[in-house]
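This report refers to the structure that appears directly beneath it.
Rule-based calculations on the coordinates, nothing more; no lab input. Remember, it's a predicted structure, so these values are computed and weren't measured experimentally. Note: ideal-geometry Cβ built from the backbone for every residue, glycine included; neighbour counts use all protein chains shown.
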């Protein structure tokens with residue numbers, strides 16, 4: 001299985017730590033974020049891993065050279081004028097994939113106990129039912145975020161943003177809904193069909209959610225898997241880092 005770790009982000013919210021190191025190498029429980037994610041995706045079956053880089057890229061490369069698990073091949077997708085955001089980074093890495101099966105994509109600042117093997121298995125089941133229209137299976141949660149993705153019986157169909165009073169302040173519909181709606185927050189982990197690289201894309205720097213919404217409008221399916229009951233941390237700010245460290249395993 002192939003996988004990608006999105007590690008090119010500048011980590012501006014984690015400054016001053018990220019003034020001297022990439023976000024990927026910020027330590028949690030005595031180990032870099034990158035080490036936690038690499039361990040998880042290899043345990044899920046990844047034997048080839050693409051890691052994108054931008055800020056302090058040489059530090060990430062040095063870490064990978066000394067910490068690649070046996071039997072695992074690493075490829076680096078450098079973004080010299082980046083970062084290209086989550087969608088642009090995935091697209092830029094396209095030439096590095098063999099494309100012989102689904103690709104597990106994981107944000108470097110996410111630590112979780114989400115069952116990645118089950119996410120992959122769910123994607124394969126959906127692939128059989130989707131008649132060539134499946135693009136991705138995304139891990140989602142009910143965590144009360146103000147901005148949430150909206151799904152219906154066919155998969156992703158929009159997003160909405162709510163104010164502190166719970167009222168909808170902004171929204172986008174990629175297409176008309178089909179059946180009852182469910183609203184979820186994206187967990188930063190998804191499984192992608194390699195055929196996505198041949199589909200229309202925004203170009204330049206863009207978020208993967210923007211890409212998915214555009215593809216949903218074109219009739220492709222992006223389906224959710226609820227992982228709300230599993231431990232999950234996003235280490236994006238000093239406050240979140242301190243919170244996670246306080247839960248030392």
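Summary table below
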{"item": "Residue order, fewest to most beta carbons within 10 Å, for 213, 6", "result": "213, 6"}
{"item": "Point-to-point label distance, residue 131-residue 147, nm (Cα→Cβ direction, 7 Å offset)", "result": "3.4"}
{"item": "Choice from 181, 120, 91 showing the highest fluctuation, given a GNM over the chain with Cα pairs closer than 10 Å", "result": "181"}
{"item": "Label-to-label distance, nm, for residues given as residue 244 and residue 183 (7 Å Cα→Cβ offset)", "result": "2.7"}
{"item": "Rounded to 10°, Cα long-axis angle of helix 33-43 versus longest principal axis of the chain", "result": "70"}
{"item": "Per-peptide average of other Cβ atoms within 10 Å, ordering 162-172, 219-229, 50-60, 194-204 highest first", "result": "50-60, 219-229, 194-204, 162-172"}
{"item": "Relative exposure of 173, 23, judged by other C-beta atoms within 10 Å (fewest first)", "result": "173, 23"}
{"item": "√(5λ) per eigenvalue of the Cα gyration tensor, segment 2-246, largest first, Å", "result": "28, 22, 17"}
{"item": "Relative exposure of 29, 159, judged by other C-beta atoms within 10 Å (fewest first)", "result": "29, 159"}
{"item": "Reference-scaled alpha-carbon Rg (2.2 N^0.38 Å with N residues) for segment 57-103", "result": "1.29"}
{"item": "Helix-derived mean residue ellipticity, 222 nm - over the chain, DSSP H n ≥ 4, -39500 (n - 2.57), to 500", "result": "-8000 deg cm²/dmol"}
{"item": "Relative contact order %, segment 1-63, counting alpha carbon pairs below 8 Å whose residues are six or more apart", "result": "50"}
{"item": "Mean-position separation - Cα centroids, segment 77-142 and segment 184-249, in angstrom", "result": "8"}
{"item": "Relative contact order of segment 2-246, pairs being alpha-carbon contacts under 8 Å that are 6 or more residues apart, as %", "result": "24"}
{"item": "Cβ-derived FRET efficiency at R0 22 Å, residue 113 paired with residue 20, nearest 0.05", "result": "0.15"}
